[in-house]
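Shown next, in structure tokens, is the structure this report addresses.
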Amino acid sequence: MSTRESTVTSSLQRAPSRLDYEMVVGLEVHVQLLTRTKAFCRCSTEFGAPPNVQVCPVCLGLPGALPVLNEHVVDLAIRAALALDCRVHLVSVFARKNYFYPDLPKGYQISQYDRPLATAGRLTIEGDRGDAPASVGITRLHIEEDAGKSVHDRFPTLTAIDLNRAGVPLIEIVSEPDIRSSRAAGAYLRSLKQLLEFLEVSDVSMEEGSLRVDANISARRVGASQLGTKTEVKNLNSFSAVERALDAEFARQCGILDAGQRVIQQTMLWDAVTASVRPARTKEESHDYRYFPEPDLPPLVLELDRVETIRRELPELPAKRRARYRETLGLSPYDADVLTATKALGDYFEEVVRHHRDAKAAANWVMGEVRAALNASKIDIAHFPVRAADLGELLDLVRDDVLSGTAAKRVFAVMAQTGERASQIAQREALVQVRDDSALRGWIDEVVAEHPKEIARYAGGEQKLLGVLVGFVMKKSSGRADPKRVNQLLVERLGA
Ligand SMILES: [Zn+2]
């Protein structure tokens, strides 16, 4: 019985609902590699330059210009492939993907087609909110070059073309259709982004277009083994857009199947304003790209040594670092997750621990004060004025009771503004804790003289007034008195 027949039969029995269908998703992610120059010429890849200044005869596709492969592109692509557990092929082939588009000056993109760099990998996604870890298969990873950019908002009635991006190196990472919900798609993308950031193969900035996602989605009856007809959803400019677009497209497909009709294979565009999907004007599936091997480039042949060297030099990846934070540093799973959100944040935290030793205290400060300061000033940890070693010194001062918790926060606020060292600020602002008994007794004498009523009530048995009296002493000392010692001295004095 075909899928269609079974749909029709059961829809006669009862109205199916979305619960009768399963979402099947595969994702294609384009990632811009972190190279200084383009894939096949020496033009700069820097973001934000004026239009059409980072171009040359090669990336403009002028007659007679020949591409030369940037070897750094290959190294970064291999690094990503190995981290995704892919098999890296020692021979892969560049191919021309032919199509006409205004921002594609050559009339083709150099890509890889039937012999990609790497195949058969997987990405493990650690379960959040108590889910078990899941694994998503990686079908392939290949190298290609980017196209230029059409600019629609610069001139009222014209489309402008910026070719700075033409020829910038990308890898395309294609997943198996192993993803079963929009939430799982979001988790896959966040894990992939984090992995690529740890690998330092891309700046993974969605705002600057370094990471772009297309989603293939189909719906099938729960329990069916055959895949339904898929559509491709494009124009997804954030992970939350991916999740919302998948839910919208799934609902649309379920509605079609419920009505006994067939889903048409086509490209859908996500419209964030109306939170809906609509068919793209052109049927991109009907394109015949007429792939053929790129005649201007030889096959990409790798030495096994090169691949194995890159494998050996892979950095510590997120899952391993999280485990180390839990097992070696004794952090909670939550703390380990937060501190490995980016490699840079984790590196900073570890540098603080190297200086201060107490991992739990370092974790609390980095997760609390440091992240709050970064959010407030909207700067990156790499440009944070407080060096990790200086935060370590501040934590030492707290541990040694030189600074109270409150004073430490005031010192930190100044450090975050000026980048000065904790001890300098503490001395200048007279924030160092006073633990000298004679000074403390002087303040206590004054408080006792000024508050006879409170003293009498305390003597009459109102124990809770002790806290109030400590507060008066603290105020007199401008917050510098050591509250623990004040407490002891007050009890001694009033008990006598
Ligand atoms: Zn160029």
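What follows draws every value from the coordinates through simple rules; no lab data is involved. Nothing here was measured: the structure is a model prediction, and the numbers come from that model. Please note: Cβ atoms are built from the backbone with ideal geometry, for glycine as well, and neighbour counts cover all protein chains shown.
Summary of values
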{"item": "Cα long-axis angle, helix 71-83 against the chain (0 to 90 degrees, to the nearest 10)", "result": "70"}
{"item": "Gain in span if fully extended, Ala372 to Phe292, counting 0.36 nm per residue against the direct Cα distance", "result": "23.5 nm"}
{"item": "Kirkwood-Stokes translational diffusion coefficient of region 272-344, alpha-carbon pairs, 20 °C, 1.002 mPa s, µm²/s", "result": "117"}
{"item": "Extension reserve of the Thr124-Arg306 stretch, reckoned as 0.36 nm per residue once the Cα distance is removed", "result": "63.0 nm"}
{"item": "16 Å reach of a label modelled at Glu393, 7 Å along Cα-to-Cβ, counting backbone N of region 419-441", "result": "419-432"}
{"item": "Computed FRET value (nearest 0.05) for Val491 with Ala323, which takes r as the C-beta separation and R₀ as 45 Å", "result": "0.40"}
{"item": "Nonlocal amide H pairs with Ala118, under 5 Å, H built at 1.01 Å", "result": "His89, Leu141"}
{"item": "Theoretical FRET efficiency, 1/(1+(r/R0)^6), r = Cβ-Cβ of Asp347 and Ala459, R0 45 Å, to 0.05", "result": "0.20"}
{"item": "Average Cα contact separation per residue, region 316-428, under 8 Å, 6 or more apart, as relative contact order %", "result": "21"}
{"item": "Sorted largest first, extent of the chain alpha carbons per principal axis (Å)", "result": "97, 66, 53"}
{"item": "Ranked by how many other beta carbons lie within 10 Å on average, peptides 169-182, 372-385 from highest", "result": "169-182, 372-385"}
{"item": "Under the Karplus curve 6.51 cos²θ - 1.76 cosθ + 1.60, θ = phi - 60°, whole-Hz ³J(HN,Hα) for region 407-423, x wherever Gly or Pro sits", "result": "5, 4, 5, 5, 4, 4, 4, 5, 4, 5, 7, 10, x, 6, 7, 4, 5"}
{"item": "The chain, helix-only ellipticity at 222 nm - DSSP H runs n ≥ 4, -39,500 (n - 2.57), divided by all residues, nearest 500", "result": "-12000 deg cm²/dmol"}
{"item": "Estimated vicinal HN-Hα couplings, Hz - region 54-68 in sequence order (Karplus 6.51, -1.76, 1.60; Gly, Pro = x)", "result": "9, 9, 8, x, 5, 7, 8, x, 6, x, x, 7, 10, x, 10"}
{"item": "Degrees separating the helix 437-450 axis from the principal Cα axis of the chain, which is the longest one", "result": "80"}
{"item": "Amide H partners (placed H, <5 Å) of Met268, local residues excluded", "result": "Glu232, Val233, Lys234, Ala280"}
{"item": "Value of relative contact order over region 3-301, rounded to a whole percent, pairs C-alpha under 8 Å and six or more apart", "result": "25"}
{"item": "Stretch gain in nm, segment Glu200-Glu46, where the contour uses 0.36 nm per residue and the Cα spacing is subtracted", "result": "53.8 nm"}
{"item": "Model label zone, Leu314; criterion: amide N under 11 Å from point 7 Å along Cα-to-beta-carbon; scope region 62-88", "result": "79-88"}
{"item": "Cα convex hull of region 320-385 - mean projected area over all directions, nm²", "result": "4.1"}
{"item": "Estimated FRET transfer efficiency (Leu69, Val222; beta-carbon r; R0 51 Å; 0.05)", "result": "0.60"}
{"item": "Rounded to whole Hz, the Karplus (6.51, -1.76, 1.60) HN-Hα couplings of region 424-429, x for glycine and proline", "result": "4, 5, 4, 5, 5, 8"}
{"item": "Value in Å of the Kirkwood radius, where region 316-428 supplies the Cα pairs that are averaged", "result": "14.2"}
{"item": "Sum of side-chain charges, Val352 neighbourhood, beta-carbon under 12 Å (Lys, Arg +1; Asp, Glu -1)", "result": "-4"}
{"item": "Normalised contact order of region 426-495, rounded percent, pairs of Cα under 8 Å and 6 or more residues apart", "result": "41"}
{"item": "Local electrostatic count at Gly167 - Lys and Arg +1, Asp and Glu -1, tallied over other residues with Cβ under 15 Å", "result": "0"}
{"item": "Longest to shortest principal axis, alpha-carbon extents of region 437-495, angstrom", "result": "29, 19, 16"}
{"item": "Rounded tilt (10° steps) of 3-13 against the dominant C-alpha axis of the chain", "result": "70"}
{"item": "Residues with amide H under 5 Å from that of Tyr21, placed H, sequence gap 5 or more", "result": "Val222"}
{"item": "Anchor Lys378: lysines whose Cα lies under 26 Å away (excluding residues fewer than 8 positions away in-chain)", "result": "Lys193, Lys343, Lys360, Lys409"}
